[in-house]
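Below is one structure, written out as structure tokens; the observations come after it.
The values are calculated or read from the model by the stated rules, or taken from the named source; none is laboratory data. If you're wondering where the values come from, they're calculated on a predicted model, not measured in any experiment. Cβ sites come from the backbone with ideal geometry, for glycine too, and all protein chains shown count toward neighbours. In case anyone asks, the SASA skips ligands and DNA or RNA and just uses the protein heavy atoms, side chains included. Shrake-Rupley method; radii C 1.70, N 1.55, O 1.52, S 1.80 Å.
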Amino acid sequence: MERHEFGAAVRHLRESTDPSGVGLPVGGRRVPGLRREELGELAGMSADYVRRLEQGRSHPSAGVVKAIARAMRVGRADYERLSALAGYAAADGQVPTDLGPGATRLLERFSDTPMIVTDAAMNVVAVNSGFLALEHWDLTGERWEWNVAWRIFCHPFAAFQQSDADAADHETIQVAQLRAALLRYPGDASLAAMVDEMRTRSRRFDTLWRAPRPVAAYESSATFTQSDGDSLTLVGNLIAIPGDDLAAVMLTAEPGSRDAARLVEVVGAADGRAVVKVGQTGPG
């Protein structure tokens with residue numbers, strides 16, 4: 001990675017850090033975040049060195065990256081990203097799969113909205129009963145049957161249909177997520193193996209992997225066909241859950257539409273827990 005990308009990430013985190021969260025007074029500040037002098041003092045380095053790092057004029061050691069992350073008390077995901085941008089492997093190199101309290105609260109509070117929670121490698125960690133009520137996630141017995149990207153490219157769902165434009169957006173998102181995960185977790189052998197097999201099995205995936213497209217928006221639309229033959233069209237939005245390096249996919253219908261009314265019926269008929277941990281067998 002270019003040095004300026006690491007520097008830009010450090011500056012963004014510094015300017016986003018709440019001073020009170022790292023034990024510093026808040027009053028008398030003209031701009032939000034930490035001053036370079038404050039970050040330097042907390043991390044055990046000079047303000048000039050922090051400036052050179054942010055300007056891409058110096059390359060940090062792994063110890064410096066850790067000191068900066070510790071000083072700003074960033075979460076695991078941000079620390080892993082800083083390490084990757086500086087050219088170092090993650091602490092343990094494995095994709096975390098624990099369902100954190102933030103993701104659990106999302107599933108519990110939006111029980112009327114079909115939702116899944118995935119790890120950084122798009123492996124499903126948990127779903128709610130509303131998502132199960134859509135009846136489209138059939139199990140295949142394959143090693144990566146709970147991985148969203150794998151299912152999109154290698155074993156598509158029969159009850160899940162998209163327009164060409166939405167399918168292209170969805171595929172672009174999956175590739176971007178997997179590339180980012182492989183960057184942050186270079187030591188995850190299962191993730192690397194899945195990507196290799198996907199490149200072998202799916203020409204479409206291999207083409208996008210070699211020449212990825214920029215993600216315009218982390219959402220796409222799809223039509224879900226029910227077992228009774230009825231269907232509804234929903235928009236899926238990918239929402240990051242910082243700290244635990246997880247993401248939630250929330251499925252909603254256009255307000256006031258026939259699909260919105262149908263979704264209320266489908267979710268209302270669901271009988272199950274707000275949080276359903278799945279038997280994921282993918283990376284991590």
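Taking Pro25, Pro114, Pro60 as the candidate residues, the one with maximal mean-square fluctuation in a Gaussian network model of the chain, Cα springs under 10 Å, is Pro25. Charging the Cβ of each Asp and Glu at -1 and of each Lys and Arg at +1, and nothing else, the dipole of the stretch 2-88 about its Cα centre rounds to 60 debye.
Computed FRET efficiency, Cβ-Cβ of His4 and Lys277, R0 45 Å: what is it to the nearest 0.05? Once the sixth-power term is evaluated, E becomes 0.65. For Rg and Dmax of the Cα atoms in Å, the value calculated from this model appears in (1) 18.1, 54; (2) 19.1, 61; (3) 21.1, 67 under label (3). Computed from backbone phi with θ = phi - 60° and the Karplus coefficients 6.51, -1.76 and 1.60, the 3J(HN,Hα) list for the stretch 140-148 is 10, x, 7, 4, 10, 5, 9, 9, 4 Hz; x is used for glycine and proline.
At 25 °C and 0.890 mPa s, what whole-number value in µm²/s does Stokes-Einstein give for the translational diffusion of the stretch 121-183, with Rh from the Kirkwood sum over Cα pairs? It comes out at roughly 193 µm²/s.
Principal axis extents of the C-alpha atoms in the stretch 180-284 (largest first, rounded to whole Å): 45, 30, 28. Hey, got the dipole for the stretch 145-283? About the Cα centre, +1 on K and R Cβ, -1 on D and E Cβ, debye to the nearest 20? Here the size comes out at about 440 debye. Rounded to two decimals, the Cα radius of gyration of the stretch 106-264 over 2.2 N^0.38 Å is 1.02. For the chain, the per residue solvent-accessible surface stands at 48 Å², with DNA, RNA and ligands left out and a 1.4 Å probe. Taking amide H atoms as placed 1.01 Å from N in the peptide plane, the amide H of Gln55 has no partner under 5 Å among residues 5 or more positions away or on other chains. Near the amide H of Val125, within less than 5 Å, lie the amide hydrogens of Val117, Thr118, Asp119, all on another chain or at least 5 residues away, with H placed in the peptide plane. Summary value for the stretch 162-284: 23 percent relative contact order, contacts being C-alpha pairs under 8 angstrom separated by 6+ residues. Across the chain, C-alpha contacts under 8 Å between residues 6 or more apart give a mean separation that, scaled by the residue count, equals a relative contact order of 22 percent. For the peptides 144-151, 167-174, the ranking by mean Cβ contacts within 10 Å, running from highest to lowest, is 144-151, 167-174. Expressed as a whole percent, the accessible surface of the stretch 48-198 that belongs to carbon and sulfur atoms is 49, based on a 1.4 Å probe. In the chain, which whole DSSP H runs stretch at least 24 Å along their own axis (Cα) and average -1.0 or higher on the Kyte-Doolittle scale? Qualifying helices, which must be both long enough and hydrophobic enough, are 164-184. When +1 charges are put on Lys and Arg Cβ atoms and -1 charges on Asp and Glu Cβ atoms, the dipole computed for the chain relative to its Cα centre reaches about 1300 debye.
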